[in-house]
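Some notes on the structure that comes next.
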Amino acid sequence: MVEFPSTGYAASTAVGRTGVRGMGAQARAMIRRFAAALAAVLALSPAACSSWAASTGTAEDRITATAHTQVQTALLVAEAGLEDPPAPAVTLTVVLDEARSELVTAREDLARLPGDHGGLMTLLVEATTLIGLTQSAVEDGDRFALRSAKRSAEELATALEGRSELL
Amino acid sequence: MNWIEWHGRDRIDLGTQLLDRQITAPEAEPVGKVDDVELTRRPDGALEVTALLVGTSALCERVPQPTRWLLRLGMRLTGGPDSPRRIDLDDVVDVKSDVEVTAEAGEAAASPTERRFRAFVERIPGAGRAGS
Amino acid sequence: MKKYLGLSLGILAAVGGFLDMGDIVTNAAIGARYGLGLAWVVLLGVIGICAYAEMSGRIVAVAGRPVYDLVRERLGPRAALLNLIASLLVTILTLAAQIGGVAVVIELASGVPHVVWVAPVAIGLWIVMWRVKFEKIEQVLGLAGLAVAVFAVSIWWLDPDWSALAGQAAGITPPAGEPVPTYFYYAITLFAAAMTPYEVFFLSSGGVEERWSAKDLRMQRATALIGFPVGGLLALSIAAAAAVVMLPLGMDAQSLGQVVLPVGLAFGMAGMIVVLFGFFAVLVGAAFETAMSCGYMLSQYFGWPWGKRLPPKRAARFHAVVAGSVLIALLIVQTGVDPVMVTEVALVGAAVALPLTYLPVLIVANDRQYLGDHVNGRFSNAVGLVMMVVVLVAAIAAIPLMITTGMGA
């Protein structure tokens, strides 16, 4: 009697023959049909893609969009702070902290861009100031200051929208 | 052993109905996978399946590089490699979607790696309580 | 009576179990950007997860085989091992995203930075998994997760322009002026969030844990077919809230803090407390499911003893893998990487790994040797095959779209 310690051979032929094991002829035919459909889709997509520009604007546009989002966040935070009873100040403060750090990154990115971006940089600085004002208004529960923060946010958002076609 | 009918089947496809199936002892206790089978040459020249082989080192023989290298690395990192355990075909009780073996055979084929891990896990408080 | 209680608890668990960090992040992002313009993708994803959850649940109830047994039996040891590595990486990333999400939720409630909370969250998660009963974790977290329904109530309270919302939901093409590749990139992440592979690993292994048998078939079917669609509705309500509040402002929703703002606008203090509680429950639940899934996958590939139904010391390698996955996830989040970023990478990975997970389920659901008379009918096969095509297209397109769109920038 000779012992074969391994049946690697037997097993691999079984797998090799059926591809995926134990698939019925019907299922295989279906999969073949779908593979054909898939190939058609793939063949068509590059043709379609060429007309799809992945247009995300210039680097300055993207920075403008980031700043815009943070300003609108401050606007929503001010509104939530004006609710009665207002949304928790802890939560709103954390949201504004995130907005501030996004703005800091945006300012660094803008400073690295070649060319003159003085106008946008002024708006970014104003946005950062706005975040600070909103934050202290939220912490004090100062409804008057919250209303004025909301108005400045609206103005700043409009100014940013005027600078980019994306917005 | 009667090869005309084995656990309700007159023939069994090694590749799709035996290899890589779960082996369980009574009470659905998992023992391992059918990682390989032991073939013996009979006097008349035909090959006969005489045992199921359990253990990652048995599985290693069936996969190409670099999968094999990866499995070896895994075994070495967990204190192995251990030689495969053998479950005699006579200890197979039933073949369904899993392969059921006798309690003794299941016990004998228990994994040394599991034993090594158990020695460690046992020390965590609550390790011995009943399952939920 | 007890049966109906079990059924309703199961449905609630499925509702909560559908939602995770991926669903929350993607639904808020697309809501702010496209309104309800991608609602059709959520619908598609829910149909897909229902179809495959029903099949894998049936296979467990009748044959007792969880999904990863099938993956190895049908794909063979080599392809299954490649799938195992990919799925394990994706699931650990998904787990890291949930742990990070829980930490951010605690930050939003406490004001203390989330990196401080990562280790306590991971350790707490492990203790719960080690000590508490499977069904209890599922039901408590599932029930608590329903608090996320506060998004749906907020939409009603904010009194939006319903016809505009309906108009967005009816469209299945990108809105004018939006780049097409970005639209489809978001569609794929949204789809992957609904169909994340860990959901079927967990559901089928959970069926073994809860000892389903053929007589539970109707119950498990009802659970999946009611629970997942309701979960999908909750996900859509997050998108709709973002659509109502953020879309008109032209802003993006990129962090959990922004996601909860609409609820704060509608209900102030009370709303915030409810939504943070709901997110906490949903994310801890998803962390539980993903961590357990790591253990399930590896154990089922190698045939180890696994699951919470065994005394922990008798499933030593399983518990070691679960604990190890939590540890790796902890280290990933502890680097300070943004949990939202981790979520997006995990979703793209999930999209790529989907076909090799779902194909074996579809094949075995047609195999009489496993299922006898309970094999797929024409309807299940039709839905299963159509979804398989969608899954394949998503898998092929995911990485090219991620690169060309710069992750949807």
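Couple of notes before you dig in:
- Among the residues of the range A:79-102, those that are more than 7 Å from chain C (Cβ to nearest Cβ) and among the aliphatic types (A, V, I, L, M) comprise A:82, A:89, A:92, A:96, A:99.
- Restricting the range B:109-132 to residues that are β-branched (Val, Ile, Thr) and assigned to a helix (DSSP H, G or I) leaves a set whose member that is farthest from the other protein chains (Cβ to nearest Cβ) is B:113.
- Annotation for the range B:37-52: no member residue is surrounded by 17 or more Cβ atoms within 10 Å (Cβ to Cβ), at pLDDT below 90 and within 11 Å of the chain's Cα centre (by Cα).
- Residue within the range B:63-70 that is free of Cβ contacts under 8 Å to residues at least 12 places away in the same chain and of a type in the set (Ser, Thr, Tyr) present: yes
- In the range C:1-58, residue farthest from residue C:190 (Cα to Cα) [restricted to those that are touching a helix residue (DSSP H, G or I) at 6+ places or on another chain (Cβ under 8 Å) and among the basic types (Lys, Arg)]: C:3
- All of (1) under 15 Å from residue A:73 (Cβ atoms); (2) in contact with a helix residue (DSSP H, G or I) (Cβ under 6 Å, 6 or more places away or on another chain) hold for residue A:163 with one exception: (1).
- Residue B:91 meets all of the listed conditions (1) touching a residue at least 40 places away in the same chain (Cβ under 8 Å); (2) surrounded by 16 or more Cβ atoms within 10 Å (Cβ to Cβ); (3) over 30 Å from residue C:324 (Cβ atoms) but one, namely (1).
- Scanning the range B:53-108 for residues that are more than 14 Å from chain A (Cβ to nearest Cβ), farther than 24 Å from residue C:74 by Cα and part of a loop (DSSP other than H, G, I, E, B) yields B:78, B:79, B:80, B:81, B:82, B:102.
- Among the residues of the range B:96-109, those that are more than 12 Å from the chain's Cα centre (by Cα) and under 10 Å from residue B:24 (Cα atoms) comprise B:102, B:103.
- The residues of the range B:10-24 that are touching a residue at least 60 places away in the same chain (Cβ under 8 Å) and over 12 Å from residue C:303 (Cβ atoms), listed by number, are B:12, B:17, B:18.
- All told, residue C:226 falls short of being within 14 Å of chain A (Cβ to nearest Cβ) and closer than 30 Å to residue C:59 by Cβ.
- Taken together, C:362, C:385 contain a single residue that is buried (at least 20 other Cβ atoms within 10 Å of the Cβ) and either more than 15 Å from residue C:194 (Cβ to Cβ) or aromatic (Phe, Trp, Tyr) (or both), which is C:362.
- Candidates are the residues of the range A:55-78 that are within 9 Å of chain C (Cβ to nearest Cβ) and part of a loop (DSSP other than H, G, I, E, B); the one that is surrounded by the most Cβ atoms within 10 Å (Cβ to Cβ) is A:56.
- Failed item in (1) within 12 Å of another protein chain (Cβ to nearest Cβ); (2) within 16 Å of the chain's Cα centre (by Cα); (3) under 24 Å from residue C:81 (Cα atoms), with residue C:301 passing the rest: (2)
- All positions within the range B:1-52 that are at the interface with chain A (Cβ under 8 Å from one of its Cβ atoms) and of a type in the set (A, V, I, L, M, F, W, C): B:14, B:19, B:37, B:39, B:47
The rows are residues; the columns are (1) closer than 13 Å to residue C:332 by Cβ; (2) among the polar types (S, T, N, Q); (3) away from chain A (no Cβ under 12 Å).
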{"position": "C:79", "(1), (2), (3)": "no, no, no"}
{"position": "C:96", "(1), (2), (3)": "yes, no, yes"}
{"position": "C:102", "(1), (2), (3)": "no, no, yes"}
{"position": "C:113", "(1), (2), (3)": "no, no, no"}
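- Single match in C:236, C:217, C:283 (criterion: in a helix (DSSP H, G or I), surrounded by fewer than 21 Cβ atoms within 10 Å (Cβ to Cβ) and touching a residue at least 12 places away in the same chain (Cβ under 8 Å)): C:217
- Selection of the range A:149-167 for residues being without any contact (Cβ under 8 Å) to a residue 12 or more places away in the chain and either within 25 Å of the chain's Cα centre (by Cα) or surrounded by 15 or more Cβ atoms within 10 Å (Cβ to Cβ) (or both) yields A:155, A:158, A:162.
- Just one of the listed residues (C:292, C:269, C:251) is surrounded by 24 or more Cβ atoms within 10 Å (Cβ to Cβ), part of a helix (DSSP H, G or I) and not acidic (Asp, Glu), and it is C:292.
- Residue satisfying all of: in the range C:310-326; touching a residue at least 40 places away in the same chain (Cβ under 8 Å) and within 21 Å of the chain's Cα centre (by Cα); surrounded by the fewest Cβ atoms within 10 Å (Cβ to Cβ) among these: C:323
- For the range C:183-201, the count of residues that are assigned to a helix (DSSP H, G or I), charged (D, E, K, R) and under 17 Å from residue C:351 (Cα atoms) is at least one.
- Every condition in (1) at pLDDT below 90; (2) at positive phi; (3) within 14 Å of chain A (Cβ to nearest Cβ) holds for residue C:173 except the one numbered (2).
- Residues located in the range C:75-99, provided they are free of Cβ contacts under 8 Å to residues at least 40 places away in the same chain and crowded, with 22+ Cβ neighbours inside 10 Å: C:76, C:77
- Scoring residue C:393 on the criteria (1) more than 8 Å from every other protein chain (Cβ to nearest Cβ); (2) within 24 Å of residue C:85 (Cα to Cα); (3) surrounded by 15 or more Cβ atoms within 10 Å (Cβ to Cβ) leaves a single failure, condition (1).
- Count - residues of the range A:110-149 that are charged (D, E, K, R), farther than 11 Å from residue A:71 by Cβ and in a helix (DSSP H, G or I): 5
The values are calculated or read from the model by the stated rules, or taken from the named source; none is laboratory data. Note that the structure is a prediction, hence the values are computed from the model and not measured. Reconstructed Cβ throughout: ideal geometry from the backbone, glycine too, with neighbour counts over all protein chains shown.
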